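See below for the structure under consideration.
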């Protein structure tokens, strides 16, 4: 190398690693049986950092079946529940289109355990919205936090035997 030549080294590149932060912070993790009772589901309730909305997700299934672990907003859940007089696992597939078919049934099991839906008296394969309840009410009751909305007392049905 001659005296007039200088060695040039490439500029160091600083690659900035971007870490995507989940805008939904988990507030509660619970466990409930699946609809069939053959497995135990772990679910989470979270709150969106910016708008404060509640969300639900399936964390795990003891039975090993696949499921989607993405968050579903309470508003989407309530739209499905209030828009259908007869709820099945298929009803909740709209929360995670194109994802595991098991997720709909798992979400339904969690909502039943929370008290937002119940089995239909005439056909236990179908479920229905528990009147006057909201996702926020049942979620906050489960978490143990006072909700701004009153939680209705369960209605006791009279026995048909007299």
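The values are calculated or read from the model by the stated rules, or taken from the named source; none is laboratory data. Model, not experiment: these values are computed from the prediction. Note that each Cβ is placed from the backbone with ideal geometry, even for glycine, and that neighbours are counted across all protein chains shown.
Descriptive notes on the structure:
- Selection from segment 38-85 of residues that are modelled with pLDDT of 95 or more and out of contact with any strand residue (DSSP E or B) (no Cβ under 7 Å at 6 or more places or on another chain): 75, 76, 78, 79, 80
- Among the residues of this structure, residue 75 counts as one that is in contact (Cβ under 8 Å) with a residue 12 or more places away in the chain, exposed (fewer than 14 other Cβ atoms within 10 Å of the Cβ) and outside any loop (DSSP other than H, G, I, E, B).
- In segment 78-100, the residues that are more than 20 Å from residue 118 (Cβ to Cβ), in contact (Cβ under 8 Å) with a residue 12 or more places away in the chain and part of a loop (DSSP other than H, G, I, E, B): 96, 99, 100
- Residue-level check: of (1) modelled with pLDDT of 90 or more; (2) surrounded by fewer than 16 Cβ atoms within 10 Å (Cβ to Cβ); (3) assigned to a loop (DSSP other than H, G, I, E, B), residue 35 misses just (2).
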